1. Are there any pairs, at least 6 apart or on different chains, whose C-beta atoms fall under 6 Å, with the first in the range 96-124 and closer than 19 Å to Ser44 by Cβ and free of Cβ contacts under 8 Å to residues at least 40 places away in the same chain and the second open to solvent by 30 Å² or more (accessible area, probe 1.4 Å) and among the small types (Gly, Ala, Ser), and if so, which?
2. Quick check on my filter: what residues within the range 63-106 are hydroxyl-bearing (Ser, Thr, Tyr), farther than 22 Å from Ala117 by Cβ and out of contact with any Ser or Thr (no Cβ under 7 Å at 6 or more places or on another chain)?
3. Return a yes/no flag: does the range 114-128 have any residue that is part of a helix (DSSP H, G or I), at pLDDT below 85 and surrounded by fewer than 18 Cβ atoms within 10 Å (Cβ to Cβ).
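The values are calculated or read from the model by the stated rules, or taken from the named source; none is laboratory data. Predicted, not measured: the structure shown is a model, and the values here were computed from it. Cβ placement follows ideal geometry from the backbone for every residue including glycine, while neighbour counts extend to all protein chains displayed. Each accessible area value is taken on the protein alone, full model and side chains, heavy atoms only, with ligands, DNA and RNA left out. Shrake-Rupley method; radii C 1.70, N 1.55, O 1.52, S 1.80 Å.
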Amino acid sequence: MITFDVTPKDKEIIIQNKAFIKTGKKYSPKNNRPFKKFLETSESEKILLQPILQEIIADPQYDSMPLHAKIISYVNKNLKYDLSYFGKLLSVEQILQTKSGVCSEYATLFNALARVAKIPSSIVLQNNISNK
(Lines give C-alpha, C1' and ligand atoms only; values in the text may rest on other atoms or scores of the structure.)
Protein backbone atom coordinates (compact mmCIF):
# COMPACT_ATOMS: atom_id res chain seq x y z
CA MET A 1 0.00 0.00 0.00
CA ILE A 2 1.28 3.45 -0.91
CA THR A 3 -0.03 6.53 0.90
CA PHE A 4 0.49 10.07 -0.31
CA ASP A 5 -0.02 13.39 1.44
CA VAL A 6 -1.03 15.56 -1.50
CA THR A 7 -1.71 19.25 -1.11
CA PRO A 8 -3.08 21.58 -3.83
CA LYS A 9 0.41 23.02 -4.44
CA ASP A 10 1.73 19.59 -5.48
CA LYS A 11 1.53 19.30 -9.25
CA GLU A 12 3.09 15.88 -9.67
CA ILE A 13 3.99 12.76 -7.79
CA ILE A 14 7.10 10.83 -8.74
CA ILE A 15 7.13 7.13 -7.96
CA GLN A 16 10.38 5.27 -8.32
CA ASN A 17 10.45 1.55 -8.72
CA LYS A 18 13.48 -0.67 -8.36
CA ALA A 19 14.04 -4.14 -9.71
CA PHE A 20 16.93 -6.37 -8.77
CA ILE A 21 18.32 -8.99 -11.10
CA LYS A 22 20.39 -11.64 -9.37
CA THR A 23 22.35 -14.25 -11.25
CA GLY A 24 24.19 -17.44 -10.41
CA LYS A 25 23.43 -20.75 -8.75
CA LYS A 26 23.03 -19.09 -5.36
CA TYR A 27 19.89 -17.33 -6.63
CA SER A 28 18.44 -20.14 -8.73
CA PRO A 29 14.84 -20.96 -7.89
CA LYS A 30 14.45 -24.18 -5.97
CA ASN A 31 12.38 -26.47 -8.14
CA ASN A 32 12.55 -29.74 -10.01
CA ARG A 33 12.31 -28.36 -13.54
CA PRO A 34 15.00 -29.56 -15.93
CA PHE A 35 17.64 -26.96 -16.73
CA LYS A 36 16.67 -26.91 -20.42
CA LYS A 37 13.23 -25.51 -19.43
CA PHE A 38 14.99 -22.23 -18.62
CA LEU A 39 16.07 -21.96 -22.27
CA GLU A 40 12.72 -22.71 -23.93
CA THR A 41 11.26 -20.07 -26.22
CA SER A 42 8.68 -20.12 -28.96
CA GLU A 43 9.60 -19.95 -32.63
CA SER A 44 7.62 -16.71 -33.00
CA GLU A 45 9.59 -15.10 -30.15
CA LYS A 46 12.87 -16.20 -31.75
CA ILE A 47 11.83 -14.61 -35.05
CA LEU A 48 10.66 -11.44 -33.29
CA LEU A 49 13.61 -11.05 -30.92
CA GLN A 50 16.64 -12.27 -32.90
CA PRO A 51 17.01 -8.95 -34.81
CA ILE A 52 16.72 -7.00 -31.54
CA LEU A 53 19.31 -9.24 -29.90
CA GLN A 54 21.70 -8.67 -32.82
CA GLU A 55 21.13 -4.90 -32.46
CA ILE A 56 21.93 -5.13 -28.73
CA ILE A 57 25.11 -7.14 -29.38
CA ALA A 58 26.30 -4.74 -32.08
CA ASP A 59 25.55 -1.51 -30.16
CA PRO A 60 28.89 0.11 -29.18
CA GLN A 61 27.41 1.69 -26.03
CA TYR A 62 27.23 -1.81 -24.54
CA ASP A 63 30.72 -2.95 -25.64
CA SER A 64 32.25 -3.46 -22.22
CA MET A 65 29.25 -5.30 -20.72
CA PRO A 66 28.51 -9.03 -20.50
CA LEU A 67 25.53 -10.07 -22.61
CA HIS A 68 23.03 -10.31 -19.74
CA ALA A 69 23.91 -6.73 -18.69
CA LYS A 70 23.52 -5.55 -22.30
CA ILE A 71 20.02 -7.03 -22.37
CA ILE A 72 19.14 -5.46 -19.01
CA SER A 73 20.37 -2.07 -20.22
CA TYR A 74 18.43 -2.37 -23.47
CA VAL A 75 15.19 -3.26 -21.68
CA ASN A 76 15.61 -0.46 -19.14
CA LYS A 77 16.41 2.10 -21.84
CA ASN A 78 13.65 1.10 -24.26
CA LEU A 79 10.66 0.64 -21.96
CA LYS A 80 8.79 3.42 -20.19
CA TYR A 81 7.44 2.60 -16.74
CA ASP A 82 3.68 3.22 -16.88
CA LEU A 83 1.54 2.26 -13.90
CA SER A 84 -1.57 2.03 -16.08
CA TYR A 85 -0.21 -1.34 -17.32
CA PHE A 86 -0.38 -2.86 -13.82
CA GLY A 87 -2.03 -6.29 -14.01
CA LYS A 88 -2.26 -6.41 -17.81
CA LEU A 89 0.54 -9.00 -18.29
CA LEU A 90 1.35 -8.16 -21.91
CA SER A 91 2.92 -10.57 -24.38
CA VAL A 92 6.42 -9.92 -25.70
CA GLU A 93 4.94 -8.65 -28.97
CA GLN A 94 2.61 -6.24 -27.13
CA ILE A 95 5.49 -4.99 -24.97
CA LEU A 96 7.56 -4.22 -28.06
CA GLN A 97 4.60 -2.40 -29.64
CA THR A 98 3.73 -0.26 -26.61
CA LYS A 99 7.28 0.12 -25.24
CA SER A 100 5.61 0.57 -21.85
CA GLY A 101 4.77 -1.49 -18.82
CA VAL A 102 5.46 -2.24 -15.19
CA CYS A 103 7.82 -4.74 -13.57
CA SER A 104 6.11 -7.73 -15.17
CA GLU A 105 6.67 -6.34 -18.68
CA TYR A 106 10.33 -5.53 -17.94
CA ALA A 107 10.81 -9.07 -16.62
CA THR A 108 8.94 -10.66 -19.53
CA LEU A 109 11.02 -8.86 -22.16
CA PHE A 110 14.30 -9.57 -20.36
CA ASN A 111 13.35 -13.23 -19.90
CA ALA A 112 12.50 -13.68 -23.58
CA LEU A 113 15.62 -11.89 -24.84
CA ALA A 114 17.85 -13.85 -22.44
CA ARG A 115 16.43 -17.16 -23.59
CA VAL A 116 16.87 -16.24 -27.28
CA ALA A 117 20.48 -15.37 -26.36
CA LYS A 118 20.84 -18.89 -24.82
CA ILE A 119 21.03 -17.45 -21.31
CA PRO A 120 18.91 -19.60 -18.95
CA SER A 121 16.22 -17.40 -17.46
CA SER A 122 13.05 -17.67 -15.41
CA ILE A 123 10.65 -15.17 -13.87
CA VAL A 124 10.26 -15.78 -10.16
CA LEU A 125 7.20 -14.25 -8.55
CA GLN A 126 7.59 -13.04 -5.03
CA ASN A 127 4.32 -12.90 -3.12
CA ASN A 128 5.58 -11.69 0.23
CA ILE A 129 7.52 -8.50 -0.36
CA SER A 130 9.06 -6.89 2.69
CA ASN A 131 11.26 -3.88 3.28
CA LYS A 132 13.83 -5.90 5.26
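1. Sorted first by the residue in the range 96-124, then by its partner, the pairs are Ile123/Ala107.
2. Applying the first criterion (hydroxyl-bearing (Ser, Thr, Tyr)) to the range 63-106 yields 64, 73-74, 81, 84-85, 91, 98, 100, 104, 106.
From what's left, farther than 22 Å from Ala117 by Cβ: 81, 84-85, 98, 100.
Matches in the range 63-106: Tyr81, Ser84, Thr98, Ser100.
3. Let us first name the residues in the range 114-128 that are part of a helix (DSSP H, G or I), namely 114-116.
Next, from what is left, pick out any that are at pLDDT below 85: none.
The answer is no; no qualifying residue exists.
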